[in-house]
1. State, as an integer percentage, the relative contact order of the range 3-138 based on alpha-carbon contacts under 8 Å between residues 6 or more apart.
2. Out of the DSSP beta bridges found with both residues in the range 3-138, what percent are antiparallel (nearest 5)?
3. Which net charge results when you count Lys and Arg as +1 and Asp and Glu as -1 among the other residues whose beta-carbon is under 11 Å from that of Thr89?
4. How would the range 42-116 be classified by its alpha-carbon gyration tensor: rounded, prolate or oblate, with rounded meaning a/c under 1.5 and the a/b versus b/c comparison settling the rest?
5. With θ set to phi - 60°, apply the Karplus curve 6.51 cos²θ - 1.76 cosθ + 1.60 along the range 126-139 and write out the HN-Hα couplings as whole Hz, x wherever there is a Gly or Pro.
6. For the range 83-103 and the range 105-119, compute the distance between their C-alpha centroids and round to whole Å.
7. May I ask for the net charge around Pro61, where only other residues with Cβ less than 12 Å from the Cβ of Pro61 are counted and Lys, Arg are +1 while Asp, Glu are -1?
8. Classify the range 1-80 as rounded, prolate or oblate from the Cα gyration tensor: take a ≥ b ≥ c as the square roots of its eigenvalues, call it rounded if a/c is under 1.5, otherwise prolate when a/b beats b/c and oblate if not.
Amino acid sequence: MVLEEHIHARGHEHVRAAHASTFEVTTDDYLTPAGDCILAIEADRAPADFDPAFVEACRDPDATITMTIAAGGHEETVTGRGDPALEFTNERSAVGRTSEYVDDRTVMVGAEFAAEGFDRDLVDALAGGAEATVTFAVE
């Protein structure tokens with residue numbers, strides 16, 4: 001059974017998607033040029049808002065977690081996995097990581113790529129301020 005969580009957000013002129021080990025979606029309403037892992041801002045939900053059943057499924061080390069982001073007619077999906085240490089308690093940001101590091105913002109570990117791996121047409125749409133739909137799924 002696949003469980004999903006949906007977030008609505010938007011891009012920002014400073015979206016660069018250049019980070020080599022993380023990607024992030026944040027509820028913050030601003031983005032500085034230093035935030036090179038951030039794909040979208042003004043997210044209407046954060047990990048602390050996710051359903052407890054979704055969170056529990058993500059804590060299975062064998063779980064496959066995907067994040068799909070769609071904006072401006074472009075879409076990209078990245079796959080990672082769960083970890084028993086995932087907290088889903090952060091009220092601001094959801095972060096996917098290529099590493100095994102876990103903190104309260106982490107929503108997947110072992111991601112197949114980070115911000116720098118996202119489709120550049122998608123990144124350009126986000127940098128243009130496009131509305132974004134972000135879907136996290138776990139199975």
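Bear in mind that the values in this text are calculations on the coordinates, not laboratory data. As the structure is a computational prediction, the values presented were derived from the model and not from experiment. In this analysis, Cβ positions are derived from the backbone assuming ideal geometry, glycine residues included, and neighbour counts consider all displayed protein chains.
1. Numbers: 400 pairs, mean separation 48.6, N = 136.
Relative contact order for the range 3-138 comes out at 36 percent.
2. On the way: 30 of 34 bridges.
The antiparallel proportion sits near 90 percent.
3. Working: positive: Arg92, Arg105; negative: Asp49, Glu87, Glu91, Asp103, Asp104.
With Lys, Arg at +1 and Asp, Glu at -1, the net is -3.
4. Details: a/c = 1.65, a/b = 1.21, b/c = 1.36.
Judged from the Cα gyration tensor, the range 42-116 comes out oblate (a/c at least 1.5, b/c at or above a/b).
5. 5, 5, x, x, 4, 5, 10, 10, 10, 10, 9, 10, 9, 8
6. Measuring centre to centre over Cα atoms gives 11 Å.
7. Working: positive: Arg59, Arg81; negative: Asp60, Asp62, Asp83, Glu100.
Around Pro61, the charge tally is -2.
8. On the way: a/c = 1.90, a/b = 1.69, b/c = 1.12.
Prolate.
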